[in-house]
Amino acid sequence: MELRSLLRLPKAEYSTRTILKWFWKVWKGNRLQAFLNAIIGLCGVAVSLCQVAAVKHAIDVASGIVKGNVIVAVAWMAVLVLFGFALNISSIWIKNILGIKAQNRMQQRFVNRLLHSEWNGKEKRHSGDVINRLEFDVNTVVNFLTETIPSAISILAMFLGAFIYLFSMDHLLAIITVAVSPFFLLVSKIYVRQMRRLNRQVRNFDSKVQSVLQEMIQHRGLIKTLESDGMMVCRLEHTQRHLRHRIVKRTRFRVFSNLFLNIGFTSGYLLAFLWAAIRMSHHTLTFGGMTAFLQLVNRIQGPAHNLAQLIPVYVSVYTAAERLMELEEDPLEEQGDPVKLDLPCGIRMKNVTFEYDSIDGDVIRNFSFDFTPGSSTAILGETGAGKTTLIRLLFAFLHPQTGNIEIYDDKSCQDLSPLHRCNFVYVPQGNTLMSGTIRENLHLGGRNATDEEMKEALRISCAEFVFDLPDGLATVCGEQGGGLSEGQAQRISIARSLLRDRSIMIFDEATSALDPETEHRLLQNLLSIQTKTILFITHRKAVAECCDKILIIRKIR
């Protein structure tokens, strides 16, 4: 307890047992690469020990102590060197081919997990932090599972093989060489705890720096108009300064720790050299034997030193594992096959009450309304009245504390769940186009849609301007629809939703950037589709006048 307090070591969020179980689970798809790397590493150990024997033999042959042909002895050395080159090339090939596949596979796994987890619009982590974890922490874990673990096996094999070889030559020196290992293991345990704390701080601030950079790039237009570039750069520098401070602390601790280890290893090597020199002076050891002696000591100390060097890697991967495990903490939504109802279908809310937390209180209270099949409803209300919360409830992102929500057609009525989301189309406010061509954006709504179907959807959404573009559907849009006006992007988004062809369509201020004439024509086209139940979240009077129903949501005082 006193040591933990002295070093200011926090209690780990996950136990070592829990993290090891997690490693075993995520290792499942990466075992082939790890196995191949381990085989190559063990072959490398065998080649290295054979090289020691070959060098000793060649020197003894050259000095006349052992009979043989010097050319043949050197030729065997050359063969072993070439074999070592081949193993190194194989290792690089496996790392670059299978390694990137393993990293991609793990990233896909976590992205899929995030997309299927519950979401209420209040993210616990900045998107820059999440991307940082998906890039750097995933890479750290994959490298550990596929390269570091096989490397550790090879290092241990080298240590044992060299010890046995040295023990056969000199029992006492072999025992002295490895006798200091328990002491280093005790020191490394303290080192791991402290490094784990420091490494966690560095990774967290690295995520914060990426988050600031991401926001600056995403909102650079806003920053320029507010003339706040100096303030934002200062904010970035402030965050980077905290990161540098943590890196300096971690580096200082690592440098002093490595200095301590290197002094120990160097002292051991000098002791071995002195012992070999004394034996050689007493003619109990040949020159070739002394060469082999020192190489073996190096091959014992080298693996021990490499194992010590793996401690920072071990710390980094534990930190990376904890950060990735945190992404899995959000519960999954209800999983299963989508439940699609017949067109048209409606959605009914009965005495629904919802609150995000007890401090803010109810956002929606005892709310009831029936969005009947085939109807059109304009939803009006002041800012903060709960319109966005209503949308999240309709998509089953949120679940009411009391009351219930039903989705129904002329044959059945079911309690709303995430599995019913296949019956909805949503056009959010603002520009929601992806980078790529207009055709690729439309394919997000209808994966197999033909060009003719796309053109019809564009016509209904009053986006005929696409036909006049030089490249038409092949026109490339930048990030968030760069190159198009807000109104043009909105109409393409509406066309994309039409290609999805679902019963319930929800438009959240989707006509806010349109002129009155285009808006009127668009509303006429949309409302002429009798098989759709349409909801407009709007502040515009023209939209409300075109709808069958008007729902006014008032803020709870």
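The values are calculated or read from the model by the stated rules, or taken from the named source; none is laboratory data. The structure displayed is predicted, hence computed values, not measured ones. FYI the Cβ positions are ideal-geometry reconstructions off the backbone, even for glycines, and counts take in every protein chain you see. In case anyone asks, the SASA skips ligands and DNA or RNA and just uses the protein heavy atoms, side chains included. Shrake-Rupley method; radii C 1.70, N 1.55, O 1.52, S 1.80 Å.
Restricting attention to region 76-90, does a residue exist that is more than 18 Å from Val138 (Cβ to Cβ), open to solvent by less than 70 Å² (accessible area, probe 1.4 Å) and modelled with pLDDT under 80? No: region 76-90 contains no residue that is more than 18 Å from Val138 (Cβ to Cβ), open to solvent by less than 70 Å² (accessible area, probe 1.4 Å) and modelled with pLDDT under 80. Could you list, in sequence order, all residues of region 411-422 that are in contact with a helix residue (DSSP H, G or I) (Cβ under 8 Å, 6 or more places away or on another chain) and in a strand (DSSP E or B)? Selection gives Gln414 alone. Residue count for region 511-537, restricted to those that are at pLDDT 85 or above, within 23 Å of Phe395 (Cβ to Cβ) and of a type in the set (Val, Ile, Thr): 3. Evaluate the following for Leu198: is it open to solvent by 30 Å² or more (accessible area, probe 1.4 Å), modelled with pLDDT under 80 and part of a helix (DSSP H, G or I)? In short, no. Scanning region 201-223 for residues that are at pLDDT below 75 and within 24 Å of Arg241 (Cα to Cα) returns Gln218, His219, Arg220, Ile223. Residues in region 473-495 that are open to solvent by less than 50 Å² (accessible area, probe 1.4 Å) and either touching a His at 6+ places or on another chain (Cβ under 7 Å) or on the phi > 0 side of the Ramachandran plot (or both): Gly481 alone.
All conditions in (1) modelled with pLDDT under 80; (2) under 30 Å from Ser417 (Cα atoms) hold for Glu329, with the sole exception of (1).
Selection of region 50-68 for residues being open to solvent by 30 Å² or more (accessible area, probe 1.4 Å) and part of a helix (DSSP H, G or I) yields Cys50, Gln51, Ala53, Val55, Lys56, His57, Ile59, Ala62. Filtering Thr402, Thr383 for residues that are polar (S, T, N, Q), under 30 Å from Gly487 (Cβ atoms) and open to solvent by 30 Å² or more (accessible area, probe 1.4 Å) leaves a single hit, Thr383. May I ask you to list the residues in region 365-380 that are among the hydrophobic types (A, V, I, L, M, F, W, C) and open to solvent by 10 Å² or more (accessible area, probe 1.4 Å)? Phe367, Phe369, Leu380, listed by residue number.
Is it true that Ala396 is modelled with pLDDT under 90, small (Gly, Ala, Ser) and open to solvent by less than 40 Å² (accessible area, probe 1.4 Å)? For Ala396, the condition - modelled with pLDDT under 90, small (Gly, Ala, Ser) and open to solvent by less than 40 Å² (accessible area, probe 1.4 Å) - is met. Highlighted here are the strands (runs of 3 or more DSSP E) found entirely within region 314-408 that include at least 2 residues which are basic (Lys, Arg): 346-355. Yes or no: Asp360 over 30 Å from Arg109 (Cα atoms), without any contact (Cβ under 8 Å) to a residue 12 or more places away in the chain and not hydrophobic (A, V, I, L, M, F, W, C)? So Asp360 passes the test.
Within region 323-358, the set of residues being more than 29 Å from Trp22 (Cβ to Cβ), surrounded by 17 or more Cβ atoms within 10 Å (Cβ to Cβ) and touching a Pro at 6+ places or on another chain (Cβ under 7 Å) comprises Pro344, Cys345, Gly346, Val352, Phe354. Glu440 - would you say it is within 35 Å of the chain's Cα centre (by Cα), surrounded by fewer than 16 Cβ atoms within 10 Å (Cβ to Cβ), acidic (Asp, Glu) and more than 19 Å from Asp337 (Cα to Cα)? Yes: the conditions hold for Glu440.
Of all residues in region 519-553, those being open to solvent by 10 Å² or more (accessible area, probe 1.4 Å), of a type outside the set (Gly, Ala, Ser) and assigned to a helix (DSSP H, G or I) number 8. Cβ-Cβ distances below 6 Å connect no pair with a first residue in region 92-113 that is on the phi < 0 side of the Ramachandran plot, a second residue that is open to solvent by 80 Å² or more (accessible area, probe 1.4 Å) and at pLDDT below 80, and a separation of six or more residues or different chains. Among the residues of region 455-464, not a single one is modelled with pLDDT under 85, in contact with a helix residue (DSSP H, G or I) (Cβ under 7 Å, 6 or more places away or on another chain) and buried (at least 21 other Cβ atoms within 10 Å of the Cβ).
Filtered by the rule that a residue be out of contact with any Gly (no Cβ under 8 Å at 6 or more places or on another chain) and touching a residue at least 24 places away in the same chain (Cβ under 8 Å), region 476-485 gives Gly478, Glu479, Gln480, Gly481, Gly482, Leu484, Ser485.
Scanning region 91-133 for residues that are among the charged types (D, E, K, R) and open to solvent by 60 Å² or more (accessible area, probe 1.4 Å) yields Lys95, Lys101, Arg105, Arg109, Glu118, Lys122, Glu123, Lys124.
Checking Leu261, Leu307 one by one, the residue that is touching a helix residue (DSSP H, G or I) at 6+ places or on another chain (Cβ under 8 Å), closer than 30 Å to Leu134 by Cα and at pLDDT below 75 is Leu307 and no other. Against the conditions (1) modelled with pLDDT of 80 or more; (2) open to solvent by less than 70 Å² (accessible area, probe 1.4 Å); (3) aliphatic (A, V, I, L, M), Ile71 satisfies every one except (2). For region 21-49, a residue qualifies if it is surrounded by 17 or more Cβ atoms within 10 Å (Cβ to Cβ) and over 20 Å from Ser91 (Cβ atoms), and the qualifying residues are Trp22, Val26.
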